[in-house]
Amino acid sequence: MSRRAILLFLAVGIAWGIPYYFIAIANQSFSTPSIVWLRVTIGAVILLPIVIMRGELKKTMTNWRGVLLFATLEMVGPWYLITEAERTTASSFAGLMMTTIPFIAAFITGTFLGDRAARHPATIAGLILGFVGVFALVGIDAVSGALEIGPVMMLAFSAVCYAVAPIVAGRTMPTMSGLSLSAVALGMVSIIYAPFAAFTLPADIARIPSVDGWVAILVLGAVSSAIAFVLFFALITHVGPRRATLITYLNLLVASVLGIVFLNEPVTAGIVIGLPLVVAGSYLAGRDQSSIRDGKPS
C-alpha cells in the first residue's frame, strides 16, 4: 500500500472500530430505530450541503436506484441489526463477527464475479480457515451458554451485507464520488427510518437520555457515518473494494480494546480459540493474490 492508503486504512479502521462501543453506550438511552435515525440524519446534515454546493446532487439522483440499493445493504439492514444485537451481546463480539467480511467478499467475487485471484489456493485456504474459526467462535460459546444464536444471526447477516455493499457500489456506480453516494444514501436512510423514529424518539427523550448517550449519538453520526464513509471510498480508490474490507482487522482491535477495557466485557473461550483462525483466514482470503504470484508482498 502507498503511504496515503495506509493513512486512510488507519483512519477508517478507527472510525469504524469505535461505533461498537458507542452503540453500546447509546443503547442505554435510546431505542434502536432512534439510534439509527439520529446517526444517519446527523451524517446527512453534514454531507448533503457539501454535495449540493458542489452541484452533484442532481447527477447522483439520476442513479437513485443504485444509491438506494447501496443504502439498504450498507445501512438500513446492518445498522439496525448490529445495534439490536448489541443489546444482548458484547460490543467486542460484534466487532469480531465483522472480521468475516473479507472472506465473504472473496467468496462472492470468486464464485459469482469471476475474480481469478479469489480462486487462488491461498484464498480458498483462507475461506476454509475462516469458516472453521467462525464455527469455533460461535459453537464453543453457544454450547457453554455464553452466546445467544439470535444476535449471532443478526451480526452474520450484517457482515454479508457489508461485504456486498462496496462491490455493488463499485460495479453499478463506478464514476460516482464517494462523498455524493454517502450523502444521498444517508439522506435516504433518514427518510426510511423517520416514521419509526417518530414513535420511539419522543419516548426516549421523555426518559431524559444521559449526556453520554447524546455524545455517543453525535460520534456515531459525525465520525462513524459522515467522515468514515468519505474516507472509506477514498481508500477503495487506492486498494479496491475487496482489499478495503481488510479494515475489519483494525476495527476489531479498536472495538475489543474499548469493550474489554471500558465496558468490562469478558474474553470467552470461543474468542480465544476462534479469533486467530478468523483473522488468519480473512487475511489469506482478502490478500491480493496477484502480488503473491509475482513474488511481491501486498
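Numbers at a glance
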{"item": "Inter-label distance, nm, simple model (7 Å from Cα along the C-beta direction), Ala125/Asn264", "result": "4.3"}
{"item": "Inter-probe distance in nm under a simple model that places probes 7 Å from Cα toward Cβ, at Ala194 and Arg4", "result": "3.7"}
{"item": "Residues Ser210, Ser256 arranged by fewest to most Cβ contacts within 10 Å", "result": "Ser210, Ser256"}
{"item": "Contact order normalised by residue count of the chain, Cα under 8 Å, 6+ apart, percent", "result": "44"}
{"item": "Distance between modelled label sites at Ser210 and Gln28, nm, 7 Å Cα→Cβ extension", "result": "0.2"}
{"item": "Helical contribution to [θ] at 222 nm, DSSP H n ≥ 4, -39,500 (n - 2.57), averaged over the chain, rounded to 500", "result": "-24000 deg cm²/dmol"}
{"item": "Average Cα contact separation per residue, segment 24-132, under 8 Å, 6 or more apart, as relative contact order %", "result": "24"}
{"item": "Three-way shape label, the chain, alpha-carbon gyration tensor, a/c 1.5", "result": "oblate"}
{"item": "Quotient of C-alpha Rg and 2.2 N^0.38 Å, computed over segment 153-268", "result": "1.26"}
{"item": "Span-like helix ranges in the chain, DSSP H, alpha carbon extent 30 angstrom or more, Kyte mean at least -1.0", "result": "32-53, 121-143, 149-172, 178-206"}
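Read the figures in this text as sums done on the coordinates, not as results from a lab. As the structure is a computational prediction, the values presented were derived from the model and not from experiment. Quick reminder, even Gly has a Cβ in these numbers, built from the backbone with ideal geometry, and neighbours come from all protein chains shown.
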